[in-house]
Structures are given as C-alpha cells and as structure tokens.
Amino acid sequence: MDKKLNVYVERCPQNHPCPSVKVCPVGALSQVGNNAPTVDHKKCIKCGKCSNFCPKRALVLE
Ligand code: SF4
C-alpha cells in the first residue's frame, strides 16, 4: 500500500512557526502564518522525517 502524508489540522495548535517545515529535505511543507502546514504531495518523497519530528503528531505518514 502506498503511504501518504496526512495533516491533522485539529492536532496542530497553530500558534507557532512549524518546526517540521525546516526538517523536510525537499521543501514539500509550507506554512502560511501560524496555520497548520500544508503538504505538496508532488514534492513529498514520503521519508517520514516531519512525521517523526512533530511533537503533536499532526503530521502522519500512513
Ligand atoms: S514525509 Fe518527508 S518529504 Fe514528505 S513532507 Fe514530510 S519531511 Fe517532507
């Protein structure tokens, strides 16, 4: 089964710059203001780095 990175917006406090944006090796995550990050699925290589990094488990590779 092909995995996909899902963003669980309700788990993200949306009150800070997302640290996972800097962790992504291909620049697939972007954030507008303090909103929950969004993923560019065309860029994402499904490495799971952001998923392991987010302490709120708002980014899940599944
Ligand atoms: S899974 Fe990897 S490539 Fe995809 S958004 Fe997260 S850090 Fe970037």
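Residue 20 satisfies every condition listed in (1) touching a residue at least 12 places away in the same chain (Cβ under 8 Å); (2) farther than 12 Å from residue 59 by Cβ; (3) of a type in the set (Ser, Thr, Tyr) except (2). A single member of 18, 50, 44 is modelled with pLDDT of 95 or more and either touching a Cys at 6+ places or on another chain (Cβ under 7 Å) or part of a strand (DSSP E or B) (or both), and it is 50. Among the residues of region 30-39, those identified as more than 14 Å from residue 54 (Cβ to Cβ) and surrounded by 11 or more Cβ atoms within 10 Å (Cβ to Cβ) are 30, 34, 35.
Taken as a whole, region 23-32 holds at least one residue that is touching a Pro at 6+ places or on another chain (Cβ under 6 Å) and not in a loop (DSSP other than H, G, I, E, B).
This table checks each residue for (1) more than 9 Å from the ligand (Cβ to nearest atom); (2) more than 11 Å from the chain's Cα centre (by Cα); (3) surrounded by 12 or more Cβ atoms within 10 Å (Cβ to Cβ).
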site	(1), (2), (3)
5	no, no, yes
12	yes, no, yes
18	yes, no, yes
24	no, no, yes
28	no, no, yes
44	no, no, yes
57	yes, no, no
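The values are calculated or read from the model by the stated rules, or taken from the named source; none is laboratory data. In this text the structure is predicted, and so the values were computed from the model without any measurement. Cβ atoms come from the backbone with ideal geometry, glycine included; neighbour counts cover every protein chain shown.
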